[in-house]
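Before any comments, here is the structure.
The values are calculated or read from the model by the stated rules, or taken from the named source; none is laboratory data. These numbers were taken from a predicted model, which means no experiment stands behind them. Here the Cβ positions follow ideal geometry from the backbone for every residue, glycine too, while neighbour counts run over all protein chains shown. Side chains are part of the model used for accessible areas, which takes the heavy atoms of the whole protein and leaves out ligands, DNA and RNA. Shrake-Rupley method; radii C 1.70, N 1.55, O 1.52, S 1.80 Å.
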Amino acid sequence: MEFKLKLKEKLKKTGRRSRLSYLVALLAVIYFLMAVVKGVYLWTDGSEFHLAQKIHAGMKWLIEITWVFGISEIWKSITAVPFEGRDILGFYKVIVPPAIVVFICALFISDHRSLRSKYYELKAEIEKEIALRDMRKEAGIDTVAESATVDVVISNATNTDPAWHDTWWGRVSIGVAIALIVAAFGIK
């Protein structure tokens, strides 16, 4: 039972990280969508094509209804997705930071999901073992002490899998992600 309790505590911790990761990933996606909206708005500005004028009016309306305190500052400072020319650095500055943030958040979320599945597998295995012990007892085949079968399964179960961010490749990928984000905001 001790391993199950440790696993449950770890599951709670990864659950909090997972929920926070969902929130951060949502904010990164919103940032990217805002950059796309601003880019489309600037790209279609002054176009003589009727569909482009309608798109421009729609983007203008979207920006105007979200132009409230706090978000208006984000609209002013956010980099727009460059749709014209060969401005690869501008495209890099818009795409890379949210992509890296979503990738890292996805790792935290998958870590929680895999741990949750291990927990429920262990729980099902323990319940099955208890049910088998009870069936053997009812049939009169009980040859082992009651605590021996369940305790042996639990005490021998160890979780030696480190979390992804505690491995060498996790630390390297976090370092590379931070360097890419710093490079994206540092490149003029």
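Numbers below:
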| read-out | value |
| --- | --- |
| From the options Ala139, Ala157, Ala163, residue that is surrounded by 12 or more Cβ atoms within 10 Å (Cβ to Cβ), among the small types (Gly, Ala, Ser) and either at pLDDT 75 or above or in contact with an Asp or Glu (Cβ under 7 Å, 6 or more places away or on another chain) (or both) | Ala163 |
| Output for segment 75-98, where each listed residue is open to solvent by 40 Å² or more (accessible area, probe 1.4 Å) and touching a Phe, Trp or Tyr at 6+ places or on another chain (Cβ under 8 Å) | Phe83, Glu84, Lys93, Ile95 |
| Residue that is surrounded by the fewest Cβ atoms within 10 Å (Cβ to Cβ), among those in segment 19-30 that are among the hydrophobic types (A, V, I, L, M, F, W, C) and farther than 11 Å from Pro98 by Cα | Leu23 |
| Residue list for segment 162-188, restricted to those being over 20 Å from the mean Cα position of the chain (by Cα), more than 14 Å from Val101 (Cα to Cα) and small (Gly, Ala, Ser) | Ala183, Gly186 |
| Test: Arg86 is modelled with pLDDT of 90 or more and out of contact with any His (no Cβ under 9 Å at 6 or more places or on another chain) | no |
| Top-ranked residue of segment 31-73 - restricted to ones that are in a helix (DSSP H, G or I) and β-branched (Val, Ile, Thr), ranked as surrounded by the fewest Cβ atoms within 10 Å (Cβ to Cβ) | Ile65 |
